[in-house]
Amino acid sequence: VALAHTIGHVAATVSMSRVAISFTHIIKSAEPAFSVLLSRLFLRQPFPLLVYLSSLPIIGGCALAASPP
């Protein structure tokens with residue numbers, strides 16, 4: 001867990017110097033959805049249906065914010 005956290009922190013720091021800060025924050029706001037997805041795939045940890053449904057607005061908002069104008 002510590003290694004994944006460190007990689008995420010370094011990637012976020014590097015991305016702020018490579019792309020627009022607003023885009024970095026859009027990607028960071030998708031972390032809860034990715035956490036649920038990766039926990040389901042790799043750890044085989046089931047979540048209640050409401051957790052999956054609550055991830056949909058996060059994914060939709062990130063997609064909308066990242067789409068070109």
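The values are calculated or read from the model by the stated rules, or taken from the named source; none is laboratory data. Being a predicted model, the structure only gives us computed values, none of them experimental. Every residue, glycine as well, gets a Cβ built from its backbone with ideal geometry; the counts of neighbours run over all protein chains shown. Calculation scope for accessible area: heavy atoms of the full protein, side chains included, ligands and nucleic acids excluded. Shrake-Rupley method; radii C 1.70, N 1.55, O 1.52, S 1.80 Å.
Rundown of residues vs (1) assigned to a helix (DSSP H, G or I); (2) under 27 Å from Pro68 (Cβ atoms); (3) modelled with pLDDT of 85 or more, yes/no style:
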| position | (1), (2), (3) |
| --- | --- |
| Ala4 | yes, no, no |
| Gly8 | yes, yes, no |
| Met16 | yes, yes, no |
| Ile27 | yes, yes, no |
| Leu41 | yes, no, yes |
| Pro46 | no, no, yes |
| Tyr52 | yes, no, yes |
| Leu56 | yes, yes, yes |
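Can you work out which of the residues in the stretch 1-10 that are aliphatic (A, V, I, L, M) and either farther than 15 Å from Ser35 by Cβ or touching a helix residue (DSSP H, G or I) at 6+ places or on another chain (Cβ under 6 Å) (or both) is most open to solvent (accessible area, probe 1.4 Å)? Only one residue tops the list, namely Leu3.
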